[in-house]
Amino acid sequence: MTPHRPTIGQTAGQLGGGRTGTGQHNILAAAASGVSGFIAAQGGCPDQVFHRAGVEERALGQPTMALDLRAYVAMMEVAAAETGNDNFGLMFGRQFQPEMLGLIGSIALAAPTLGSALDHLARLFPFHQQATETRFVREGELLRLEYRILDGCIVERRQDAELTMGMFANVVRACLGPHWMPEEVHFEHPKPEGWRQHEALFDAPAHFGQRTNAILLRDRHLDRRMPGGDMARLTKLCGTLIDIARGTGTPPLLDRVKAEVRARLPDGPPYVEDIADRLGIARWTLQRRLADEGLSFSDLVEGVRRDLAAVYIRQRHVPVADIGALLGYSEVSAFSRAFRRWFGVSPAKMRGGQG
């Protein structure tokens, strides 16, 4: 039997359809299965979390009901603060089994092999969660199952990233057993204070400040049969998910540009040519489209840096120099000058005024 192989460079967001413009992006409520009980078990008040995040609790019990993606991501951040568990998303994702994930989880479980399960997960996940890019790609001897949100308005999203990596890992465990662990796990956000728990739970090196979130695995078991594989059921489930979602919620160009800029900042200031190439458009077309929005490329980069700085500076354990590096500054002095320009105070003074 020929092992299944992922299509190199295959991007789920290219499946078509969905919203354009600046409208709301959705996620199916199955993604929050069990969150009320988990918040309570962590010592928090679910009602207060839902109220602060703008999530309707009645929708959480209906797996195919659409939730606003921004509210869902905010719910996880609020839950971490409400429970006092900075690794809330990590812990929630670790216990989140594929069957809890609704249609997309059932699709993975119904696939014939592990490789097919991961391929379907990557290709169809943006129907489950709009304005999202998921890819299953090869990197040397390893495979990467990647995930990132493309909605440029969702800046603070660490908890969502960590719970999603846990969910993805559990899809593999559904085939290879509960003791399987990835080779590495990558996160786009800075290293959290409790990062050792990440490496303990994944039993693998955890790398932070990366271009995207990802679990890395070897391809030796891609042809392993999924225990519940059923091609007829798989076909039906795929059609149902696509019909319910009615598209992948394709973000507007401005959000796509912000997403690409954000991904490249840790490597230094991004070049407009590289971003245009990644988006498949000419440099002059990108610059003209930004001008139509009243922006230059440098304006947009500045805005992305500013928004991330406002989030990162609240993480007191992250040195100011590291924040500057994550935002593409080679010298901490250059970052400090930019920070003062944005907020009127130095990074140190901003932290000193935090409660």
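The values are calculated or read from the model by the stated rules, or taken from the named source; none is laboratory data. None of these values were measured; they are calculated from a predicted model. Neighbour counts run over all protein chains shown; Cβ positions are idealised from the backbone, glycine included. The accessibility values were calculated without ligands, DNA or RNA, using every heavy atom of the protein model including side chains. Shrake-Rupley method; radii C 1.70, N 1.55, O 1.52, S 1.80 Å.
Quick notes
- Relative packing of 157-166, 251-260, which averages over residues the other C-beta atoms within 10 Å, highest first: 157-166, 251-260
- Charge tally around R351: other residues with Cβ under 9 Å, Lys/Arg +1 each, Asp/Glu -1 each, net +3.
- Per residue, the chain exposes 43 Å² of solvent-accessible protein surface, assessed with a 1.4 angstrom probe and all protein chains in place.
- Virtual spin-label span in nm between T285 and C153, 7 Å along Cα→Cβ: 2.6
- Gap separating the Cα centres of region 301-342 and region 78-152, nearest whole Å: 29
- Solvent-accessible area, 1.4 Å probe, carbon plus sulfur percent, for the chain: 49
- Three-way shape label, region 21-60, alpha-carbon gyration tensor, a/c 1.5: prolate
- If you take all other residues with their beta carbon under 14 Å from the beta carbon of A29, and give Lys and Arg +1 and Asp and Glu -1, the sum is -2.
- Stokes-Einstein diffusion coefficient of region 47-204, Kirkwood radius over Cα pairs, 20 °C, 1.002 mPa s, in µm²/s: 131
- Neighbour-limited loop hits for trypsin sites (Lys or Arg not before Pro), region 196-231 (at most 11 other Cβ within 10 Å; DSSP other than H, G, I, E, B): R220
- Label separation (E56 vs E199): 4.5 nm, computed from points 7 Å beyond Cα along the C-beta direction.
- Within straight-line cross-link reach of K349, aspartates and glutamates at Cα separation under 19 Å, skipping those fewer than 8 residues along the same chain: D307, D322, E331
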